[in-house]
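Here is the structure we will look at, set down as structure tokens.
The values are calculated or read from the model by the stated rules, or taken from the named source; none is laboratory data. As the structure is a prediction and not an experimental result, all values here were calculated from the model. No Cβ is skipped: glycine too gets one built from the backbone with ideal geometry, and neighbour counts run over all protein chains shown. Accessible surface is based on the protein model in full, side chains and every heavy atom, while ligands, DNA and RNA are left aside. Shrake-Rupley method; radii C 1.70, N 1.55, O 1.52, S 1.80 Å.
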Amino acid sequence: MNRKNKINSQPPRWAERLLGRIAAPHHREEILGDLYELFHKRGQRYGYTKARLLYVLEMVLLLHPRLWRNTSRSTHLDSKFIFDSQSNPTAMFNNHLKVAFRKISRHKSYTLINAVSLSLGIACAILIFTLVKYHLSFDDFHADQNRIYRIYTEFHGEKVTYNTGVPNPLGEAFRGGYNAAEEVGRIAFLPKRVVSVSPEKKFEEDIAFADPEFLSIFNFPLIQGNPKTALQDRNTVLITDEIAKKYFGTQDPVGQLLRVDDSLLVRITGVLQDLPPNTDFRSQIYIPFSNLQDHSPWMVEKDWWFSVNKEMQCFVRLKPGISAASVNKTILPAISNTYYDKEPAQYFQFRLQPLSDVHFNPELRGKTDKKNLRTFAWIGFFLILTACVNFINLATAQAIGRSREIGVRKALGSRRAPLFWQFITETAVIAGLAMVVALGLAYLALPFVNGWFEIDLTLNLLTDRYLLAFLSVLLLLVVFFSGAYPGLILARFQPLLALKGMPAQRSAGGFSLRKGLVVGQFAISQLLIIGTLIITTQLRYSQQADMGFQKDAIVILPVPDNQKSKLSALGAEFSELSGVENATFFDTPPASEAVGSTSIRFDSRPEAEDFSIAIKSADHQYVPTFKIPILAGRNLNPSDTIREYLLNETAVKALRLASLDDVLGKPATINGRPGTIVGVMKDFHFQSFRAAIEPLCLTTRSESYGSCGINVNLANLGPTLAGLEKVWTTLYPSSIFTYRFMDEEIGRFYKLDNMLLRLIQAFTGIAIFVGCLGLYGLVSFMAAQKTKEIGVRKVLGASNPSILWLFGKEFIRLLLIAFALAAPLAWWVMEGWLNKFVYRVEPGAGIFILAIVITLFVALLTVGFRSLKASRANPIKALRSE
Amino acid sequence: MKGTQLGEFEEIVLLTIALCYDEAYSVAVMEELSQRLERPMSLGAVHRAMQRLEEKGLVQSRLGEATAERGGRRKRLFTVTMAGEQSLREARRIRNELWEGIPKTAFGI
């Protein structure tokens, strides 16, 4: 009790301590005394509890700059001359800054090397950050985006395959029978359709057919029109503001008519706000889903559960509290079981994909791979690291030159901390400069990056909080990472030794570390070089290897509609053109990203096969046009409906038949339609090299033909194309003539990889350049240090090459060590990448040898350039001082 | 150089310092003031005012003896300087002149 009283009758300890810390020294005593006195007076008057409270209140009211201001009354004049480093950080900082600027302007080349390498590194980091942030922000602006899912299809055959689409009736089934979703909306995306305002004004656009729920699931606000009734009435259309401006200029678009593909006349009832850049829903024209029946009846067979089209998608917003896992576990399997027989119910399974995954999932046609983003992040990190390594290397090398300065400072009584901070300030000034330059560089480079990636990145320093935060953190990290170690080294110098100018290399501790860092730098460069070489080789192989069919000199035209009479007229007229060998109509070219797969039942076997077969529709000219070899039987006969099937070798193997001839003449039911197998094609790659060749069949079915392939003579391509256009425009006057080459089509498989490659190439170049800058600086310092040694050697008769070797041998050794580290790492990383390809190159020794030769060459060029200068110098100059 | 204008609160504090003569330190001044003005006063306000006065050269300070009631800490004692006295007189003169200048009818009815 007594003890407690005693504690109570003291002012709060923490407050006293805090005040003692805050108050300037000359105020401390009187203030603490005043408060103490008041406390006791009040304690006796009102009781100690209240007194304690008042003490704290009094303390808070005391907090004012005057309390910690340093200008004391008695030392008013003297304070300018007395340098109290501890209690006046601002003055110290100003001094640091002044010295830093002097240092920087004295060592211009050193600063330049550091600033340039840091700027390049930081500029890349900024670009990479912007890119990664952009991709991570995809479709994150929808309200309740965490509850939005896409339903996708999993085909459980021999192995599981995925499709972004679902059968048309699924949406209705999910909406009607189950109580899990707030909204269910079907959307069919149709790329590149012709939309016309008048016969003269027509455009090719991506259009979409959507349920009215689309507007409530997603946050695409209307500028004009009523979101409640939009997409409800047939023959209406919503367009974005951008499209409205493009079509009608300043005219009011609402009420205007649009013609879609000649088959549909729709009236504009609303205008959508322009799409934000970070969405994968790029269609700018939305037509009610009910109109899809008129436009593409093949996509919407009402109760047809057996076809899945990747463009025919279904989105849901679940009710709050309902988890995707539970829907995946109960409702979606229940749908499969209700609407399919036992066996197909096993085969067709549906799952929910979160909206946040839509942009990234490579299996479900995501536009980006998170792995690529991670690769970029690593590259950015490496680049910054290389730049910092330069900094550390040059700084420690320079430390020897600065020893006298340190000695003098120490002898005059400077302690370690201010010396350390002095160095950090220098680093911060250079890093700050570099950051400004880097921002400029990033701004300049942005249009190129946007061009490569076909995206629309913006850098806005003033409004982008994330960017600002990133830059601040980056600056801090760079400053401390590259400044701390040299700072510590410098601050630790023994003043006596330092004054004598001999903080020996070993005592500086810098040399071995410097070697390590150079090795690291080389290793990073080599890693990137090997990566670049392997990616290049694989992509070249993928795009140039024989795919099993002819892909050069083939022009592909889209066909706006597939009326039989028009197709045959078009085919006949095309064939008559002089540069044309063959013309064929089909749904997809031999290699295509869009491959549908379906079930097959062979001969009299009682059950469907346990594998799925890819199906392509094409006329009898397909095989000769693409020069696909027939191994057994014959080509398809001309027909407009499904009568005959051509299988590939893999399909025959999958049917477990002994010889190719065994299938000939046998019936088969594919996709529920019976036909006869008439021949076997040689296997060809009908997907990218990432996928193995799977069973495939080819059949005639004219209503699904959407493209025309023409085998043209490359010798006079110009006139041939002109001829094609002429025939085309007479038959399809309201459509736009567009064409592409088959090999471009194949190039699209590897578009993402090609972008990746180009970016990695650029970054590799920068990494090598930055590394070389560092090397150059390092060799410069070595040369400066060894001036006398070189002088003596020369006087004693050493030749220039032998002096070059003096510098070179050390670096070659380091480079080889780096290679020993980088090669296995690169091999391991690239194996991971290559394994995504079923048909891939094996990285041979050649690539690794090439990588080391490149680095050797570049490094020796750098070293050689500088050391040549050193070896050429007149020895008299070097030796004169002694 | 900051103006040596005397603020209203500063004037009162300065007067109080003069009043307390040899015993003028912040707690004493604060207590005197809160008694006379009949409102609570914070130590901080007084402390700052006294510092300002010292910066303007109107008061000077010295450290007194350490006493037990202050937990063994010394107090800072203030005395009014010549300049301080002068500015107090000046302020008084201005006030007197103003009072005398007020026409009789101003507070009339």
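When the residues of region A:727-746 are filtered to those that are in a helix (DSSP H, G or I) and open to solvent by less than 40 Å² (accessible area, probe 1.4 Å), the one that is farthest from A:G709 (Cα to Cα) is A:L731. Residue pairs, Cβ under 7 Å, 6 or more apart or interchain, first in region A:508-535 and hydroxyl-bearing (S, T, Y), second modelled with pLDDT of 90 or more. List them. Pairs that qualify, where the first residue is hydroxyl-bearing (S, T, Y) and the partner is modelled with pLDDT of 90 or more: there are none. Residue pairs whose Cβ atoms lie under 7 Å apart, separated by 6 or more positions or on different chains, with the first residue in region A:551-579 and on the phi > 0 side of the Ramachandran plot and the second open to solvent by 10 Å² or more (accessible area, probe 1.4 Å), are A:A553/A:L714. A:T787 passes all but one of (1) crowded, with 19+ Cβ neighbours inside 10 Å; (2) among the hydroxyl-bearing types (S, T, Y); (3) more than 38 Å from the chain's Cα centre (by Cα); which number fails? Here A:T787 meets the rest and fails (1).
Output yes when any residue across region B:59-72 is surrounded by 20 or more Cβ atoms within 10 Å (Cβ to Cβ) and of a type in the set (A, V, I, L, M), and no when none is. Among the residues of region B:59-72, at least one is surrounded by 20 or more Cβ atoms within 10 Å (Cβ to Cβ) and of a type in the set (A, V, I, L, M), which makes the answer yes.
Of the strands (runs of 3 or more DSSP E) lying entirely inside region A:95-210, the ones with 1 or more residues being hydrophobic (A, V, I, L, M, F, W, C), touching a Pro at 6+ places or on another chain (Cβ under 9 Å) and within 28 Å of A:Q293 (Cβ to Cβ) are found at A:148-156, A:181-198, A:201-210. Picking from residues in region B:73-109 that are open to solvent by less than 70 Å² (accessible area, probe 1.4 Å) and among the aliphatic types (A, V, I, L, M), the one that is modelled with the lowest pLDDT is B:A106. Going residue by residue through region A:656-666, is there one that turns out to be touching an Asp or Glu at 6+ places or on another chain (Cβ under 6 Å) and surrounded by fewer than 19 Cβ atoms within 10 Å (Cβ to Cβ)? The answer is yes; a qualifying residue exists. Within region A:52-66, residues that are touching a residue at least 24 places away in the same chain (Cβ under 8 Å) and more than 8 Å from chain B (Cβ to nearest Cβ) reach partners that are surrounded by fewer than 20 Cβ atoms within 10 Å (Cβ to Cβ) and not in a helix (DSSP H, G or I) with beta carbons closer than 6 Å, at six or more positions or on different chains, in the pairs A:R52/A:P12. When each of A:L355, A:L292, A:L318, A:L373 is tested for being more than 21 Å from A:F209 (Cα to Cα) and surrounded by 19 or more Cβ atoms within 10 Å (Cβ to Cβ), the lone residue that passes is A:L318. The residues of region A:809-826 that are open to solvent by 20 Å² or more (accessible area, probe 1.4 Å) and either without any contact (Cβ under 8 Å) to a residue 60 or more places away in the chain or within 30 Å of A:R793 (Cα to Cα) (or both), listed by number, are A:K809, A:E810, A:I812, A:R813, A:L816, A:I817, A:A820, A:P824.
Selection of region A:385-419 for residues being under 30 Å from A:M755 (Cβ atoms) and open to solvent by less than 20 Å² (accessible area, probe 1.4 Å) yields A:T386, A:A387, A:C388, A:V389, A:N390. Inside region B:24-40, can you point out the residues that are buried (at least 16 other Cβ atoms within 10 Å of the Cβ) and more than 7 Å from chain A (Cβ to nearest Cβ)? Result: B:A24, B:Y25, B:A28, B:V29, B:M30, B:E31, B:E32, B:L33. State whether the residues of region A:683-699 include one that is closer than 29 Å to A:D561 by Cβ and over 42 Å from the mean Cα position of the chain (by Cα). Taking every residue of region A:683-699 in turn, none turns out to be closer than 29 Å to A:D561 by Cβ and over 42 Å from the mean Cα position of the chain (by Cα). Counting the residues of region B:51-109 that are farther than 30 Å from A:S9 by Cβ, within 14 Å of another protein chain (Cβ to nearest Cβ), charged (D, E, K, R) and not in a strand (DSSP E or B) gives 4. Residue pairs whose Cβ atoms lie under 6 Å apart, sitting 6 or more positions apart in sequence or on different chains, and linking a residue in region A:24-40 that is facing another protein chain (nearest Cβ under 7 Å) and without any contact (Cβ under 8 Å) to a residue 40 or more places away in the chain to a partner that is surrounded by fewer than 20 Cβ atoms within 10 Å (Cβ to Cβ) and of a type in the set (S, T, Y), do not occur here. The set of residues in region A:747-763 that are over 19 Å from A:C124 (Cα atoms) and either touching a Lys or Arg at 6+ places or on another chain (Cβ under 6 Å) or surrounded by fewer than 18 Cβ atoms within 10 Å (Cβ to Cβ) (or both) comprises A:G747, A:R748, A:K751, A:L752. For region A:214-254, name all the residues that are in contact (Cβ under 8 Å) with a residue 60 or more places away in the chain and crowded, with 18+ Cβ neighbours inside 10 Å. Those that are in contact (Cβ under 8 Å) with a residue 60 or more places away in the chain and crowded, with 18+ Cβ neighbours inside 10 Å: A:F214, A:I217, A:F218, A:F220.
Looking across region B:1-23, the residues that are within 14 Å of chain A (Cβ to nearest Cβ) and modelled with pLDDT under 85 come down to B:M1, B:K2.
Condition check ((1) more than 37 Å from the chain's Cα centre (by Cα); (2) more than 30 Å from A:G846 (Cβ to Cβ); (3) of a type outside the set (A, V, I, L, M)) across all residues:
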| position | (1), (2), (3) |
| --- | --- |
| A:Y541 | no, no, yes |
| A:L557 | no, yes, no |
| A:S565 | yes, yes, yes |
| A:V580 | yes, yes, no |
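Filter region A:849-882 for residues that are in contact (Cβ under 8 Å) with a residue 60 or more places away in the chain and outside any helix (DSSP H, G or I); which is most open to solvent (accessible area, probe 1.4 Å)? Only one residue tops the list, namely A:E882. With respect to A:A783, determine if the residue is closer than 26 Å to A:S542 by Cβ and of a type outside the set (S, T, Y). Here the answer is no, as A:A783 does not meet what is asked.
Scan A:G797, A:G832, A:G846 and give me the residue that is outside any helix (DSSP H, G or I) and open to solvent by 30 Å² or more (accessible area, probe 1.4 Å). Quick ask: steps written out before the conclusion?
Values: A:G832 fails: outside any helix (DSSP H, G or I); A:G846 fails: outside any helix (DSSP H, G or I).
Answer to the check: A:G797.
A:I335 fulfils the conditions (1) open to solvent by less than 10 Å² (accessible area, probe 1.4 Å); (2) over 36 Å from the mean Cα position of the chain (by Cα); (3) over 30 Å from A:D610 (Cα atoms) except for a single criterion, (3).
Only one of the numbered conditions (1) of a type in the set (A, V, I, L, M); (2) more than 8 Å from chain A (Cβ to nearest Cβ); (3) in contact (Cβ under 8 Å) with a residue 24 or more places away in the chain is not met by B:A45, and that is (2). The strands (runs of 3 or more DSSP E) found wholly in region A:547-639 and carrying at least 1 residues that are farther than 27 Å from A:F306 by Cβ and open to solvent by less than 40 Å² (accessible area, probe 1.4 Å) occupy A:554-558, A:580-586, A:630-633.
Taking residues in region A:795-808 that are touching a residue at least 60 places away in the same chain (Cβ under 8 Å), and partners anywhere that are aromatic (F, W, Y), not one pair has Cβ atoms closer than 7 Å while being at least 6 places apart or on different chains.
Table: residues versus (1) open to solvent by 10 Å² or more (accessible area, probe 1.4 Å); (2) out of contact with any strand residue (DSSP E or B) (no Cβ under 9 Å at 6 or more places or on another chain); (3) not charged (D, E, K, R).
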| position | (1), (2), (3) |
| --- | --- |
| A:N114 | no, yes, yes |
| A:V132 | yes, yes, yes |
| A:I151 | no, no, yes |
| A:K159 | yes, yes, no |
| A:V166 | no, no, yes |
| A:F174 | no, no, yes |
| A:G177 | yes, yes, yes |
| A:I187 | no, no, yes |
